[in-house]
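First the structure, in the form of structure tokens, and then the observations on it.
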Amino acid sequence: MKKLSSILALTLIISVAASALGVDEPEIKSIGNQTIEFNNYSGPHKRIDSAQSITKIGSDLGAKITPSQPANVGNRNKYYVVHAVDPNEKGKLDADILYIGRDATVDHINNIRRIIVGYLMSAYNYSQKDAQTLAVFITVYNAVYRGKIDVFNSKYKSVVTKNLSSANCGLSVNYYDWPGKTEIVIPLYDVNNGGLSTVDTSTITDSKVVEKMKDDDDRNVDSRKDMVDLKERESDEAAEKAQDAKKDAVEKQKEADQAKKEAEDAKKKAEENPDDKKAQKEAEDAKKKADEKQKEADDANKKAEEEQKFADKKQKEAQDERKEIAKDQDAVQKKIEEESKMPSDYGIIISDEPQQLSRLVKFNVDTGDIIKNSPVTVIRNRTIYHAPSQAFMAVAGVNSANGAIKLVLIDQDKMEIFRESNETLAADSVLVRDGSDYYCVIDDNGKWVVAKYDETLTLKLKSPVSVMSSTPICIADTGIVVTSPSGKLILLSKQNLKQISNPNKNNNDANAK
């Protein structure tokens with residue numbers, strides 16, 4: 001497969017796919033019937049933080065939280081949490097609000113989820129697996145209700161909503177909207193007792209959230225299975241609490257009945273001795289004690305009923321979702337089988353016209369329909385090459401807070417970057433192949449030079465002479481033609497990338513004199 005950005009290939013892919021799908025934009029303008037797809041930065045980075053260090057951001061925030069007490073923790077310009085709880089307001093939800101500050105550099109949804117995972121594990125003792133499950137649903141939930149302040153006002157306590165804004169509540173699907181414009185709401189159900197039900201799983205798995213999760217190619221079956229498992233354990237835990245509460249209620253009712261009998265006896269004695277002040281006082285005290293004991297029994301019964309009702313609710317939610325998951329698994333498998341029979345190939349389509357960025361796609365050759373999108377949407381100069389070992393080579397990335405432009409290799413199956421150059425490329429660098437050699441323009445201590453790479457992204461040579469960052473690179477029989485910073489054409493040797501001088505130049509000059 002030769003250079004994929006040929007006019008013929010691009011015309012086929014862009015014209016047919018565009019007519020079928022409209023435009024290739026992963027972000028959504030409104031919820032409606034559109035798909036929730038997070039538009040992450042999936043290009044090279046100036047600095048790569050480990051997953052552990054990103055999770056630690058959340059862990060450090062969670063370590064400062066006492067579940068039953070309101071708190072504000074973190075750095076407002078980076079990552080900040082408002083633990084908004086108010087036991088005095090009934091009927092609505094408490095919540096944690098995670099703010100992504102203006103100086104934060106998080107640019108991939110997986111890293112937001114890692115922060116949430118660290119927070120939930122540290123603040124509420126969730127296991128890593130359960131925290132990961134919750135983090136997926138929390139982010140989708142916040143994307144579904146992004147900017148819908150009325151929804152938050154209807155569900156959450158005033159201690160929560162006073163910390164939300166109509167413009168930034170929830171989570172944008174576009175990574176460049178995250179810094180300074182993100183208020184991720186984590187609904188809390190059982191703050192005082194903690195455990196599996198600290199986070200309100202019913203809220204983050206409402207019908208709208210689950211429907212959006214079904215829009216993914218795999219219908220998020222694995223995450224939904226994990227949530228069902230969590231809810232079943234919530235149900236079991238609540239059922240055990242209900243049984244304990246029922247036993248407690250029985251004992252307390254026995255105590256209440258005994259206290260009631262004693263109160264009746266004291267009352268009878270007081271009635272028989274109306275002038276006996278001590279008897280009157282004992283009757284009053286016995287009545288008060290009987291009322292208190294009965295209230296304790298009634299409260300225990302109420303608690304048992306509430307726990308059982310909660311257990312039944314979680315069990316029903318889990319059962320209903322298991323049925324839906326089974327149907328979706330069949331649909332996913334059928335789709336995989338259908339796609340395996342399709343005549344397919346790879347191409348690139350425009351992902352951002354103003355910045356001239358592209359995306360690798362796998363498409364149905366017969367219909368032009370896209371079968372699979374690569375998460376890498378920052379391929380530059382509309383050029384990509386098929387490299388050995390089932391990979392594609394391209395210039396990718398953007399110049400941003402933590403983004404960088406580099407030469408990358410993209411895996412053919414997963415369609416993700418698995419290797420990138422150590423060197424930074426010019427934003428307007430071309431990429432040219434000559435056999436097994438690849439040429440582009442890199443930054444060499446503040447000046448632009450031509451670089452030669454092999455198929456593994458190993459830098460083989462760089463020119464000692466500077467060039468324009470946007471220079472065309474023309475492979476000629478005599479060498480490589482590029483443009484100098486002054487705008488003049490120069491010829492470089494393929495062997496060492498040094499400028500080739502005309503050996504007859506001095507003699508010609510002498511003869512002319």
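The values are calculated or read from the model by the stated rules, or taken from the named source; none is laboratory data. Please read all numbers here as calculations on a predicted model, not as lab measurements. Quick reminder, even Gly has a Cβ in these numbers, built from the backbone with ideal geometry, and neighbours come from all protein chains shown. For accessibility, only protein heavy atoms count, side chains too; no ligands or nucleic acids. Shrake-Rupley method; radii C 1.70, N 1.55, O 1.52, S 1.80 Å.
If you build the convex hull over the alpha carbons only and average its shadow over all orientations, what do you get for the stretch 204-299? Give it in nm² to one decimal.
8.8
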Once D291 and E251 are pulled to full extension, the length gained, defined as 0.36 nm per residue separation minus their Cα-Cα distance, is 12.9 nm
Which residues qualify? For H45, with a placed amide H closer than 5 Å and at least 5 residues away or on another chain, they are A404
Of every hundred units of 1.4 Å-probe accessible area on the chain, the number belonging to carbon and sulfur atoms, as a percent, is 47
Once both label points are put 7 Å beyond Cα along the C-beta direction, the V481-K261 separation in nm becomes 11.1
Note to self, the chain gives a 222 nm [θ] from helices alone (DSSP H runs n ≥ 4, -39500 (n - 2.57) apiece, / all residues, nearest 500) of -14000 deg cm²/dmol
Over the chain, with neighbouring protein chains present, the accessible area per residue in Å² at probe 1.4 Å is 51
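Please tell me the relative contact order of the stretch 377-495 in percent, rounded to the nearest whole number, where contacts are Cα pairs under 8 Å and at least six residues apart.
Computed over the stretch 377-495, the figure is 15 percent.
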For the stretch 133-216 (alpha-carbon point model, no solvent) the Debye-based log₁₀ I(q)/I(0) at q = 0.10, 0.12, 0.22, 0.25 Å⁻¹ works out to -0.24, -0.35, -1.12, -1.32
The stretch 43-200, Kirkwood Rh and Cα Rg, ratio Rg/Rh at 0.94
Using alpha carbon centers only, the stretch 397-414 is separated from the stretch 118-197 by a whole-angstrom value of 30
About its Cα centre, the chain carries a charge dipole, from +1 on Lys and Arg Cβ atoms and -1 on Asp and Glu Cβ atoms, whose size in debye to the nearest 20 is 1840
Its Cα gyration tensor gives the stretch 102-165 an equivalent ellipsoid whose semi-axes in whole Å, largest first, are 22, 15, 12
Expected vector for the stretch 420-434, Karplus 3J(HN,Hα) from phi with 6.51, -1.76, 1.60 and θ = phi - 60°, integer Hz, x for Gly and Pro, equals 9, 5, 6, 8, 8, 9, 5, 4, 10, 5, 8, 10, 10, 9, 9
Note on the chain, DSSP bridge orientation, antiparallel percent to nearest 5 equals 95
Note: Q495 to T458 extended length (0.36 nm per residue) minus current alpha-carbon separation gives 11.7 nm
Set K92/K314; K92/K302; K90/K287, cut-off 27 Å on Cα-Cα distance; pairs above it are K90/K287
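With viscosity set to 0.692 mPa s and temperature to 37 °C, compute the Stokes-Einstein D of the chain, Rh being the Kirkwood radius across alpha carbon pairs; µm²/s, no decimals. Mind showing how you got there, number by number?
Numbers: Rh = 27.7 Å.
The estimated diffusion coefficient comes to 119 µm²/s.
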One computes Rg over Rh for the stretch 294-406 from alpha-carbon atoms, with the Kirkwood Rh, and obtains 1.35
In nm², the average projected area of the convex hull spanned by the Cα atoms of the stretch 233-351 is 14.0
Residues whose built amide H sits under 5 Å from the amide H of T182, excluding neighbours closer than 5 in sequence, are I100
Mean separation of Cα contacts under 8 Å (at least 6 apart) over the residue count of the chain, i.e. the relative contact order in percent, is 13
Which residues qualify? For K494, with a placed amide H closer than 5 Å and at least 5 residues away or on another chain, they are I480
Unit-weight point scatterers at every alpha-carbon of the stretch 366-477, Debye formula, q = 0.15, 0.20, 0.22 1/Å: log10 I(q)/I(0) is -0.63, -1.07, -1.26
Here, R419 and Q243, labelled 7 Å along Cα→Cβ, have an inter-label distance in nm of 5.8
Pseudo-spin-label distance D352 to E339, built 7 Å along Cα→Cβ, given in nm, is 2.5
